[in-house]
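Engineer: The structure is given below, and queries will be raised subsequently.
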Amino acid sequence: MIAPGAAVFTPVELETETDRLFRALLHVDCEPGRIWNYEACQRIAPLTLEINRLKREQNAVILTHSYVEPEIIYGVGDFKGDSYFLSLKARESNAKKIVFAGVVFMAETAKILSPQAIVVVPDRGSGCSLADSITGDGVRKLKALYSDAAVVCYINSTAEVKAESDVCVTSGNVYDIVANLPGRRIIFVPDRLMADNVRAELKRRGVDKEIISSDGTCIVHDQFDVAAITDARARFPGLKVVAHPECTAEVAAAADYVGSTGGMMKYVKTTAAPYFLMLTECGLVGRLQVEDPEKHFIGGCRLCPYMKLNSLEKVLEVLRAPRPDQIVTLDEGMRVRAARCIDRMFELTPKSP
Ligand code: 13P
Ligand code: SF4
């Protein structure tokens with residue numbers, strides 16, 4: 001609900017906003033029990049109008065990961081995309097306040113890269129099973145065991161883990177960065193399944209590396225299995241299977257395309273196929289239903305409970321009066337060390353032509 005003191009919008013403003021939302025969200029059908037019909041958009045419109053007004057008033061920017069609810073992405077988001085793209089946008093930002101509609105490690109990354117900004121998260125509980133699987137101390141123990149190894153952390157990790165690592169990677173640059181690192185031995189944290197995919201890709205490229213991984217998995221992507229792919233291919237001839245590198249190596253090997261959520265979107269938009277099976281979080285299907293409504297998706301996606309903690313009501317809350325737990329703060333020494341690890345990633349990421 002909109003708090004007392006909020007702006008009052010005219011019937012024309014409300015109707016125009018409802019129409020805008022309805023036109024954007026018309027084709028979205030990616031989540032059981034949720035529809036974005038005209039009545040739903042009428043309920044949302046006062047919230048998006050007020051959020052957008054406060055955003056302008058406060059010189060705030062809203063970064064939205066593709067997995068959050070579509071009314072956040074298309075209603076109030078300024079930038080939408082994957083972890084790499086949103087990190088770049090946080091680094092470039094001159095905004096006074098950054099609202100990160102995603103999960104906490106993404107907001108921490110924004111704070112590392114844009115320390116002058118007030119960075120807020122709609123829900124402090126929006127963790128990530130990967131980021132929560134290892135601490136800085138866990139990394140230090142691995143470094144003590146393998147002192148000659150370079151430490152590579154997937155961006156789905158805490159600021160503390162980044163501060164202990166040599167270079168950060170995302171789902172979009174992990175293969176190239178690991179393949180080009182000088183040493184042979186690599187500690188890769190926190191995703192055990194992504195480490196398996198890195199080993200398979202390096203083998204395919206003929207690159208000799210020893211990858212030591214910790215034991216985290218993504219609770220969304222580790223659920224997909226090859227049997228479901230085989231069954232879907234039998235039922236939908238011509239189907240294209242699109243997977244994220246947080247899936248198992250068996251699932252990745254059975255897919256037609258494996259890549260970051262940004263890469264997955266690009267693949268679907270540029271591929272002619274009668275059906276797509278998206279082995280990822282359902283929000284990405286929602287984005288494609290908005291941006292490429294002619295394509296057909298056969299279901300099978302899963303919901304990330306952490307991403308789904310974001311809501312328009314909570315975005316409004318952090319703009320109006322964030323609670324201390326919604327404001328990201330980092331120890332400055334740790335932030336500087338974590339920034340080095342992320343800056344190294346930007347340096348080592350191949351530039352697209
Ligand atoms: P992307 O960077 O590919 O969007 O992945 C983030 C994520 O959390 C996937 O589960
Ligand atoms: Fe973390 Fe998996 Fe959710 Fe991505 S989908 S935020 S990796 S739990």
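Engineer: Based on Cβ point charges of +1 for Lys and Arg and -1 for Asp and Glu, what charge dipole magnitude is obtained for the chain about its Cα centre, in debye rounded to the nearest 20? Mind dumping the intermediate values first?
Structural biologist: On the way: 43 positive and 46 negative charges, 142 e Å.
It works out to roughly 680 debye.
Engineer: Moving on to the next point. Before rounding to the nearest 500, sum -39500 (n - 2.57) across all DSSP H runs of length at least 4 in the chain and divide by the residue total; then give [θ] at 222 nm in deg cm²/dmol.
Structural biologist: Working: 15 runs with 159 residues, N = 353.
Mean residue ellipticity, 222 nm, calculated: -13500 deg cm²/dmol.
Engineer: Then there's this: Counting alpha carbon pairs within less than 8 Å and at least 6 residues apart, what relative contact order, in whole percent, applies to segment 197-353? Write out the running numbers ahead of the final one.
Structural biologist: On the way: 150 pairs, mean separation 26.3, N = 157.
Taking the mean separation of contacting Cα pairs over the length of segment 197-353, I get 17 percent.
Engineer: Determine the distance separating the Cα centre of segment 217-274 from the Cα centre of segment 1-66; give it in Å without decimals.
Structural biologist: So the separation of the two Cα centres works out to 32 Å.
Engineer: Give me the percent relative contact order of the chain, please, defined on Cα pairs under 8 angstrom at least 6 residues apart. Please list the in-between numbers first.
Structural biologist: Working: 679 pairs, mean separation 72.3, N = 353.
Dividing the mean separation by the residue count of the chain yields 20 percent.
Engineer: Suppose the chain between ASP78 and GLU13 were pulled fully straight at 0.36 nm per residue; how much longer would it get relative to their current alpha carbon spacing? Please list the in-between numbers first.
Structural biologist: Working: separation 65, 0.36 × 65 = 23.40 nm, distance 2.00 nm.
Taking 0.36 nm per residue and subtracting the Cα distance, the gain is 21.4 nm.
Engineer: Let me ask something else. Quote to one decimal, in nm, the extra length available between ARG53 and ARG323 on full extension: 0.36 nm per residue of separation minus the C-alpha distance between them. Provide the component values of the computation, followed by the final result.
Structural biologist: Details: separation 270, 0.36 × 270 = 97.20 nm, distance 2.03 nm.
95.2 nm is the gain from fully extending ARG53 to ARG323.
Engineer: Taking only the Cα atoms of segment 111-244, how large is their convex hull per residue, in Å³?
Structural biologist: Details: hull volume 20.5 nm³, N = 134.
Per residue, the Cα convex hull of segment 111-244 comes to 153 Å³.
Engineer: Next question. Give the shape of segment 54-164 as rounded, prolate or oblate, defined through the alpha-carbon gyration tensor: a ≥ b ≥ c are the square roots of its eigenvalues, a/c under 1.5 means rounded, and otherwise the shape is prolate if a/b is larger than b/c and oblate if not. Show your work: numbers first, answer last.
Structural biologist: Details: a/c = 2.61, a/b = 2.06, b/c = 1.27.
Cα axes put segment 54-164 in the prolate bin.
Engineer: Also, quick follow-up: Could you name the aspartates and glutamates whose alpha carbon sits less than 15 Å from that of LYS111, not counting residues in the same chain fewer than 8 places away?
Structural biologist: Filter leaves GLU92, GLU160, ASP325, ASP331, GLU332, ASP343.
Engineer: How much accessible area per residue does the chain have, in Å², with a 1.4 Å probe?
Structural biologist: Details: 15110 Å² over 353 residues.
Spelled out: the 1.4 Å probe surface of the chain, per residue, equals 43 Å².
Engineer: What residues have an amide H closer than 5 Å to that of THR349, excluding those fewer than 5 places away on the same chain, when H is modeled at 1.01 Å from N in the peptide plane?
Structural biologist: Excluding prolines and chain starts, which carry no amide H, there are no hits.
Engineer: With springs connecting C-alpha atoms under 10 Å apart, model the chain as a Gaussian network and identify which of THR18, THR261, THR158 has the largest mean-square fluctuation.
Structural biologist: Of THR18, THR261, THR158, the most mobile in the Gaussian network model is THR18.
Engineer: Still on this structure, I have one more. Of the residues GLY172, GLY206, GLY299, which exhibits the maximal mean-square fluctuation in a Gaussian network model of the chain defined by a 10 Å Cα contact cut-off?
Structural biologist: Judging by the Gaussian network model, the answer is GLY206.
Engineer: With labels modelled as points extended 7 Å from the Cα through the Cβ direction, what inter-label distance (nm, one decimal) is found for HIS296 paired with GLU313?
Structural biologist: It works out to 3.8 nm between the two label points.
Engineer: Here's something else I'd like to know. Please state the equivalent ellipsoid semi-axes for the chain: what are the square roots of 5 times the Cα gyration tensor eigenvalues, largest first, in whole Å?
Structural biologist: Details: eigenvalues 231, 148, 45 Å².
Over the Cα atoms of the chain, the semi-axes work out to 34, 27, 15 Å.
The values are calculated or read from the model by the stated rules, or taken from the named source; none is laboratory data. In this text the structure is predicted, and so the values were computed from the model without any measurement. Cβ atoms come from the backbone with ideal geometry, glycine included; neighbour counts cover every protein chain shown. These area figures cover heavy atoms from the full protein model, side chains too; ligands, DNA and RNA do not enter into them. Shrake-Rupley method; radii C 1.70, N 1.55, O 1.52, S 1.80 Å.
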